[in-house]
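Take a look at the structure set out below.
Every number in this text was worked out from the coordinates using simple rules, so none of it is lab data. A quick note: this is a predicted structure, and the numbers were derived from the prediction, not measured. All Cβ positions, even for glycine, are placed from backbone atoms using ideal geometry, and neighbour counts span all protein chains on display.
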Amino acid sequence: MTGGSRGIGLAAARGLGLAGATVIVVGQDPARADEAATSLREAGITAHGRACNVADAASVAAMRADLGSLGDVDILVASAGVMSQRMAKTLRTDAAEWRRVISVNLDGVFTVVSAFGPGMAERRSGRIIAVSACLGRFSGPGTSGGLAPYRVSKAAVNALIKNLAAETGQGSRGVLVDAMCPNHCRTDMGGPDAPRSAEEGAETIIWLATRDARSADGSPAPTGLLWEDREVVPW
Ligand SMILES: NC(=O)c1ccc[n+]([C@@H]2O[C@H](COP(=O)([O-])OP(=O)(O)OC[C@H]3O[C@@H](n4cnc5c(N)ncnc54)[C@H](OP(=O)(O)O)[C@@H]3O)[C@@H](O)[C@H]2O)c1
């Protein structure tokens, strides 16, 4: 669970832990990741804290190596993310700000998928869930511009997920790959006035992680999609 040290990722880790999963909460700050794991253990969950910078492939690979067989995860949730600066319209965004956001929000999904996905493909079993955002949708509502690096990073995450799902056989080889939008939640990123709690935001992550891998007719569950409140949404 990247982004597991705070906010929606921590709420999803708690939900999955209470459902019986062993969870590895990953943050960038080691103390905060440890603190999060301790809080989960106090709730009776088997939890481990780890730190890495998801924007840095070497840092992610080192964490993966350090985990050993504990890193043969059944479920990968990529929730780590950062928001753009408030005035980040495309023509007012400098290269450093662009890179800062894209490196965490997009590269950070690629790095963890690269580290944990091949094992899932080999074992022919797994779930990959990337936390995207409604701001990354360019069809339907929410397409009014601004927050350019953030919006583009999340649209690209949707594309990465759709592409990866196709490459892994649309669920037919045991791996489900999806993106989800938690909606606006009360977290450090979402602020105190957001309409949803982090737990409400995490609900569809938990559902995607625990839903049946097959539909009622035996075909693989629909995958490679963007989900919001358990429904497929266009992007
Ligand atoms: N909150 C919302 O309203 C909202 C709405 C739509 C989508 N989302 C998406 O939901 C996800 C979670 O958001 P949130 O509100 O829970 O955010 P948050 O409370 O700000 O937490 C961000 C998390 O990401 C981790 N992180 C940031 N940069 C990292 C890096 N370079 N390497 C490793 N970990 C890093 C942080 O670790 P540290 O604790 O170590 O800093 C923390 O665990 C994000 O992808 C966000 O874009 C949020």
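For A221, list long-range residues whose amide hydrogen, built 1.01 Å from N in the peptide plane, is under 5 Å from its own amide hydrogen.
R214, S215
How big, on average over all directions, is the shadow cast by the Cα convex hull of segment 177-234, in nm²?
So the Cα hull casts an average projection of 4.4 nm².
Just rank S144, S172, S5, fewest to most, by other beta-carbon atoms within 10 angstrom.
S144, S172, S5
Stretched out fully, how many nm does the piece from S144 to E199 gain, at 0.36 nm a residue minus the Cα gap?
On the way: separation 55, 0.36 × 55 = 19.80 nm, distance 2.77 nm.
Extra length from S144 to E199 when fully extended: 17.0 nm.
Report the normalised scattering of the chain as log10 I(q)/I(0) at q = 0.11, 0.18 Å⁻¹, calculated by the Debye formula with identical scatterers on the alpha carbons.
Debye curve over Cα of the chain, log10 I(q)/I(0) at q = 0.11, 0.18 Å⁻¹: -0.51, -1.46.
Tell me, what ³J(HN,Hα) does each residue in segment 69-78 have, in order and in whole Hz, if you take phi through Karplus 6.51 cos²θ - 1.76 cosθ + 1.60 with θ = phi - 60° and put x for Gly and Pro?
For segment 69-78, the Karplus-derived couplings read 5, 4, x, 7, 6, 8, 9, 10, 10, 9 Hz, x marking Gly and Pro.
At what distance in angstrom do the alpha carbon centres of segment 183-212 and segment 20-90 lie from each other?
17
In terms of modelled amide H atoms, which long-range or inter-chain residues lie less than 5 Å from the amide H of L76?
R127, I128, I129
Which FRET efficiency value, to the nearest 0.05, is calculated for A62 and A159 with the Förster distance at 35 angstrom and r the Cβ-Cβ distance?
0.80
Can you list which of the trypsin sites (Lys or Arg not before Pro) found in segment 53-123 are DSSP loop residues with at most 10 other C-beta atoms within 10 Å?
Counting only loop positions with at most 10 other Cβ atoms within 10 Å, the trypsin sites (Lys or Arg not before Pro) in segment 53-123 are R86.
Normalising by the residue count of the chain, find the relative contact order in percent from Cα pairs under 8 Å and 6+ residues apart.
19
Could you go through segment 27-37 in sequence order and give the Karplus-derived ³J(HN,Hα) for each residue, using 6.51 cos²θ - 1.76 cosθ + 1.60 with θ = phi - 60°, rounded to whole Hz, and x for Gly and Pro?
x, 8, 8, x, 5, 5, 5, 5, 4, 4, 5
Kirkwood hydrodynamic radius of segment 1-91 from all distinct Cα pairs, in Å? It would help to have the intermediate numbers written out before the result.
Working: mean 1/r = 0.0741 Å⁻¹.
13.5 Å is the Kirkwood radius here.
Amide H neighbours of H48 under 5 Å, counting only residues 5+ apart in sequence or on other chains, H built in-plane at 1.01 Å?
So H48 has HN proximity to V23, I24, V25.
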